[in-house]
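Okay, structure first, notes after.
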Amino acid sequence: MALFEKLRAELIDIIEWIDDSQHSLVWRFPRYRNQIKYAAQLIVRPGQSAVFVHQGRVADVFGPGQYRLETKNLPILSTLMGWYHGFDSPFKAEIYFVSTRQLTDLKWGTANPVPLRDPDFGPVRVRAFGTYTLRAADPAKLLSELVGTDGVYEAEEISALLRSIISMAFADVVASSGVGVLDLAQSYGSMSETLRREVLSKIDDEFGLEIPQLYIVNVSVPPEVERALDTRASMTAIGDMGVYQAYQLANALPTAAANPAGGIAAAGVGLGMGLAFTNAMPGAGANGASGAGISGAVGAPMQAASAAASVPPLLPAAPWHIAENGAPVGPFTGAQLAQAIASGRVTRASLVWSPGMAEWQAAEAVPMLQGLFAATPPPIPRA
């Protein structure tokens with residue numbers, strides 16, 4: 001009798017799952033012909049559930065603990081198999097271990113840009129990515145709806161579906177939030193929780209899964225929108241654009257006038273900028289005076305630009321030549337000649353010639369050039 005008891009003890013199974021993976025959701029206990037011995041020991045560790053399946057039907061579910069498999073511990077399975085008075089022989093059943101702990105470090109992201117109507121920039125496209133955790137809240141429903149007869153079911157097998165659900169929910173959340181692109185970063189916390197609840201409502205009842213945590217890590221816009229945001233930030237930092245342009249002009253005009261290597265073209269650029277910015281100056285009146293925002297070193301160059309703004313109409317487009325160091329230089333357009341006079345390269349005594357003139361003449365003797373010299377300010381007296 002003792003020998004029989006010893007042999008019977010050798011047949012007692014220990015059913016357990018030592019999970020050394022990181023992302024396994026379900027694992028099926030391997031048994032030859034699914035036979036489980038009477039009085040086998042079932043060990044369910046923390047973060048696990050054991051589900052008995054008989055002929056395609058979910059029977060008993062065990063939480064963490066150690067169990068001796070008997071009729072009293074398997075009420076549903078006993079009813080399904082018709083054991084009314086106990087059993088003392090192997091029985092057939094499939095045992096699935098389901099991980100109920102949180103599976104971490106799962107990532108999501110929008111495969112395609114999500115259109116967003118921004119209150120400042122109009123329609124823009126944004127991308128988003130983040131992380132989430134996953135947990136089996138209803139092991140029986142998870143087996144019925146997703147796992148089926150798979151021996152091992154990994155979180156990666158459902159990650160594609162979850163990413164699609166999260167991306168769709170993100171599009172709804174960001175569109176209904178009314179938050180602009182510039183304010184999205186400070187709303188990551190509240191939007192993450194709203195997105196988590198939205199996704200949970202779609203997968204909890206249907207798949208028996210739960211998302212304890214979901215985070216939006218970053219929301220990005222296309223490069224062209226980033227450049228527009230940077231430009232807008234720079235303009236905001238500058239403040240009054242008129243004052244900034246006047247300041248830039250005040251710094252550029254003396255440099256252009258003191259650079260003879262730049263020639264007529266360099267002087268023309270400086271003069272043209274001066275005319276354009278002076279006319280656009282805020283507070284400039286009929287007397288050509290600058291507004292109160294311009295003072296000190298900016299005032300003198302701007303007064304010179306205002307005086308230059310009173311020149312007569314541009315000269316005809318006929319080419320002009322000037323005499324420098326006894327040699328003709330040119331041709332120059334009428335605008336370039338006017339710029340040369342303004343920069344001091346051409347003086348009243350400089351010889352000029354244009355088609356239609358019989359000979360070279362001093363610039364002040366040419367009627368159409370006299371008005372240009374009249375607008376030139378006199379030399380600054382020395383102290």
*Please identify the pairs in which a residue from segment 156-168 that is not assigned by TED's automatic domain parsing to the domain that holds P115 has its Cβ atom under 8 Å from the Cβ atom of a residue that is assigned to a helix (DSSP H, G or I) and among the aliphatic types (A, V, I, L, M), counting only partners at least 6 apart or on another chain.*
none
*Output for segment 200-217, where each listed residue is within 26 Å of V26 (Cβ to Cβ) and touching a residue at least 60 places away in the same chain (Cβ under 8 Å)*: D204, E206, F207, G208, L209, E210, I211, P212, Q213, L214, Y215
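The values are calculated or read from the model by the stated rules, or taken from the named source; none is laboratory data. Source: prediction; values computed, not measured. Here Cβ is always computed from backbone atoms with ideal geometry, including for glycine, and neighbour counts include all displayed protein chains.
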